[in-house]
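Here, each number is a calculation from the coordinates, and none is a lab measurement. Nothing here was measured: the structure is a model prediction, and the numbers come from that model. Here the Cβ positions follow ideal geometry from the backbone for every residue, glycine too, while neighbour counts run over all protein chains shown.
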Amino acid sequence: MTSEPPIPPSSPNSSSISPTMQTYDVIIWDWNGTLLDDSWLCLEVMNDTLRKRDMPELSKQRYCEIFGFPVIDYYRRAGFTFEEESFEVVGTEFIDGYEARRHESSLRHEAMLTLQAIQAAEITQCILSAYRQSTLHQLTEHYGVRAFCDHVVGLSNHYAAGKVDEGKDLITKLGIDPDRILMIGDTAHDSHVAEELGIHAMLIPGGNQTTEVLQATGRVILNDLADLRARIGC
């Protein structure tokens with residue numbers, strides 16, 4: 001269901017065989033669905049967009065099965081053909097609807113506790129997101145997350161094609177051995193990004209994709225953020 005092929009467990013960069021208590025120097029967080037619990041809002045706004053066009057709405061299960069990157073492919077799986085209106089028009093309508101309600105979401109359970117514990121362990125934290133850079137900075141400030149992060153990296157537009165290039169720039173800025181860097185995300189795209197960057201990854205369900213989609217990547221699947229703290233010794 002995702003736009004990237006599953007990463008086999010035998011891949012040299014796969015974290016499926018990572019030690020239970022491996023130590024990392026850097027944690028790179030995804031934002032939407034990982035730290036910010038907003039998948040419910042994404043679903044509501046998408047269903048508003050579909051309803052306006054008399055198109056079938058998505059259930060939560062269906063949404064989590066078809067969501068992926070680039071998001072234009074997710075829109076196609078949701079039923080858009082882009083024959084009568086462009087992806088830019090539909091995508092902008094979704095973003096406008098989301099932005100009007102962006103403060104309705106809250107952080108994932110134990111997100112703040114986890115950020116504090118990782119900071120206390122003197123592990124560098126960053127955010128790498130497919131969200132628009134300017135809004136990402138505003139939201140991370142609003143939710144009190146910005147102060148924990150050395151770098152907050154988003155995209156220059158809101159069409160969410162992916163974040164590999166931005167991730168490569170971030171890795172260069174960090175100047176840390178990639179084997180000492182862990183990415184935490186809620187989608188198979190986060191696994192794909194980590195593979196491209198040569199870093200480790202763990203995925204957390206309860207965001208924008210089903211557990212089955214995440215398991216297909218071969219990555220470590222976290223139970224929750226408390227599980228993450230236990231795995232990295234925080």
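Charge dipole (Cα centre; +1 on Lys/Arg Cβ, -1 on Asp/Glu Cβ; no other charges) of segment 29-78 amounts to roughly 260 debye. Of interest is the spacing of the C-alpha centroids, which for segment 160-198 and segment 56-112 amounts to 22 Å. Viscosity 0.890 mPa s, temperature 25 °C: what is the translational diffusion coefficient of segment 97-191 from Stokes-Einstein with a Kirkwood Rh over Cα pairs, rounded to a whole number of µm²/s? Diffusion coefficient, whole number: 170 µm²/s. Both the radius of gyration and Dmax for the chain are 17.1, 53 Å, in that order, over alpha-carbon atoms.
For the chain, the antiparallel share of DSSP beta bridges with both residues in that region comes to about 10%.
Peptides 190-202, 213-225 ranked from most to least packed give 190-202, 213-225, packing being the mean of other C-beta atoms within 10 angstrom over each peptide's residues.
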